[in-house]
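A short write-up of the structure that comes next.
Laboratory data are not the source of any read-out in this text; all were calculated from the coordinates shown. From a predicted model like this one, the values you see are computed outputs, not experimental measurements. In this analysis, Cβ positions are derived from the backbone assuming ideal geometry, glycine residues included, and neighbour counts consider all displayed protein chains.
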Amino acid sequence: MLVSAAPRSYGTARIPYALAKAGFEVTLIALRGSLAEKSSFLARVGHLPEYATKRQWLYAFGATVKAVAPRLVVPGDEISLRLLQSIVVAPPADLRADLQSEFAALVRASLGEPTHYASTVDQTELPGLVASLGIAVAPSVVTASDEEAAAFADSVGYPVVVRRRYTFVGQGVAVCNDRAALGAAIASLGGASPFDLDDVGDNRVLVQALPRGRRVHYSLAAWQGELVAGWAAETVVAEHGGSGATSVFRYHRSDELRAIAATLARELGLCGIAGVDCVLDADTGRPMFTELARHVTPYSHRGASLGVDLCAALHASLGATASAARSDLDAGEEGIGVHFPQEWLRDPYSDYLRNYPVDVPWEEPELIEAMLALRHEAWPNGEVPPPPS
């Protein structure tokens, strides 16, 4: 059962194919018109109201659980993850005890040990938790004060990154190159947001040093605290001049990133699909933790084509069948991967589109059509921009 609150999530739209090929029957719960709904590999689709309340979401979730009796629930984004977690840690007072017990057991089996649910989604708590596990993390301060934030930024040097407590598909994050930008970020990100889901706390934000170095990612599947499969990727091209989402990457084996992912899986009791972001420090070359995504990412389906199939590893973990997939890439194995439609929308004349395999979902023509239609949002009048002179 795939749950999504992000209508334009590329990773969520691509994961049904990987799940179905691994042996799962996939049910989707999402907003009507979501990109994921166009996948050809869905057995059922349930729709959420456009402005669903937390209670309406729970009713839709409960009704679907009763209808399909899923073995596994997979969150497609941060909000879906937090809504699932809330069934365990903060259920509605009027939810029948037997239903709460049933739904909570499913969530725990799908997401893992609940002790660290809150601290792994709250950006003001996550760095401290990860550092306590012996993993390198960039210096940071949690504050609502412009003066304290500015003093910290002066001590570590600009740029710094500001994150609100709860982020959603890249929203709630700002990279600041000077004090004026820092003050504006604290003012805009410190207030209340719909992303809080009624969890109204203080207005503090995380202000963190932005390590200099190459961005890397480790895409993984975990089961009951054990890392069962994963692979590493380094950002080659990213949107917004390199600061945005990755559109071209280099896949490779990294024992250091695997060790970080295995530690997080073990110590946090992770279960399901996840992704770990780090920066390879420009001075030392060692990975420094930046983010943990306990949900589907744009990389999650890509391992199948590399022989490191995260979905097959999860299917095998359920005891259904043995997985023939590898648990990681081989030493020295590497290559270039191109995300579609991300790189096409970034630059339709990109050399990477011509010179390397592009991850177009040829098996899903309706999904391709929906992805091509995104040009109307990316380019003026939906017309391909002129080639560079």
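For the chain, list the DSSP H helices whose alpha carbon atoms reach 18 Å or more along the long axis and whose average Kyte-Doolittle value is -1.0 or above?
On the way: long enough: 10-22 (19 Å, 0.14); 54-68 (21 Å, 0.09); 97-111 (21 Å, 0.60); 255-268 (19 Å, 0.21).
For the chain, where a helix must reach 18 Å along its axis and average at least -1.0, the hits are 10-22, 54-68, 97-111, 255-268.
To make sure I understand the rule: partners must be lysines, Cα under 26 Å from the Cα of Lys54, and not fewer than 8 residues away in the same chain. Which ones qualify?
Lys38, Lys66
Please give me the summed charge of the neighbours of Ala313: other residues whose Cβ is under 12 Å from its Cβ, Lys and Arg +1, Asp and Glu -1.
So the environment of Ala313 carries a net charge of -2.
Using a simple spin-label model with points 7 Å from Cα along the Cα→Cβ vector, what separation in nm is obtained for Asn355 and Ala43?
4.5
Place a point 7 Å from Cα of Asp146 in the direction of its Cβ. Which residues in segment 167-192 have their backbone N less than 13 Å from it?
179-188
Each residue of segment 115-122 in order: what ³J(HN,Hα) in whole Hz does its phi give by Karplus 6.51 cos²θ - 1.76 cosθ + 1.60, θ = phi - 60°, with x for Gly and Pro?
Going residue by residue, I get 3, 10, 3, 5, 6, 8, 10, 8 Hz, with x marking Gly and Pro.
For the pair Glu291 and Asp94, how long in nm is the line joining their label points, each one 7 Å along Cα→Cβ?
3.7
Quick one: order Trp362, Trp223, Trp379, Trp57 by neighbouring beta-carbon count within 10 Å, fewest to most. Display every interim value, and only then the final one.
Working: Trp362 8, Trp223 18, Trp379 13, Trp57 21.
In order of increasing Cβ crowding within 10 Å: Trp362, Trp379, Trp223, Trp57.
What is the fewest-to-most order of Glu147, Glu366 by other Cβ atoms lying within 10 Å of their Cβ? Working shown, then result.
On the way: Glu147 9, Glu366 12.
Least crowded to most crowded, the residues run Glu147, Glu366.
Only Cα pairs under 8 Å and at least 6 apart count here; give the relative contact order of segment 139-209 as a rounded whole percent.
In percent, rounded to a whole number, it is 47.
For Thr115 and His376, what is the calculated FRET efficiency with R₀ set at 45 Å and r taken between the beta-carbons, to the nearest 0.05? Each step should come with its number before you reach the end.
Values: r = 45 Å, r/R0 = 0.99.
FRET efficiency, Thr115 to His376: 0.50.
Quick check: net charge around Arg212, other residues with Cβ under 9 Å of its Cβ, Lys/Arg +1 and Asp/Glu -1? Could you put the intermediate results ahead of the total?
On the way: positive: none; negative: Asp281, Asp283.
Summing Lys/Arg as +1 and Asp/Glu as -1 gives -2.
List the extent of the Cα atoms of segment 2-111 along each of their three principal axes, largest first, rounded to whole Å.
Sorted largest first, the three principal extents are 38, 30, 22 Å.
Trp231: net charge of surrounding residues, Cβ under 13 Å, Lys/Arg +1, Asp/Glu -1, itself excluded?
On the way: positive: Arg250, Arg253, Arg258, Arg302, Arg326; negative: Glu234, Asp255, Asp309, Asp328, Asp330, Glu333, Glu334.
Summing Lys/Arg as +1 and Asp/Glu as -1 gives -2.
Once amide H atoms are placed 1.01 Å from N in the peptide plane, what residues at a sequence separation of 5 or more from Val45, or on another chain, have their amide H within under 5 Å of its amide H?
Placed amide hydrogens put Leu28 under 5 Å from Val45.
Report, largest value first, the span of the C-alpha coordinates of segment 213-382 along each principal axis, in whole Å.
Projected onto the principal axes, the Cα atoms of segment 213-382 cover 49, 45, 28 Å.
Using the Kirkwood radius built from alpha carbon pairs, what does the Stokes-Einstein equation give as D for the chain at 4 °C and 1.567 mPa s, in µm² per second?
Values: Rh = 21.6 Å.
In µm²/s, the coefficient rounds to 60.
For the residue pair Ile336 and Arg32, what label-to-label distance in nm results when each label sits 7 Å from Cα along the Cα-to-beta-carbon direction?
Spacing of the two 7 Å Cα→Cβ label points: 4.3 nm.
Under the rule of at least 5 residues apart or a separate chain, name every residue whose amide H is placed under 5 Å from the amide H of Gly213.
For Gly213, whose amide H was placed from the backbone, the distant partners under 5 Å are Ala282.
Over the Cα atoms of segment 262-334, Rg to Rh with Kirkwood Rh, two decimal places?
Details: Rg = 14.0 Å, Rh = 14.0 Å.
With Rh from the inverse mean 1/r over Cα pairs, Rg/Rh is 1.00.
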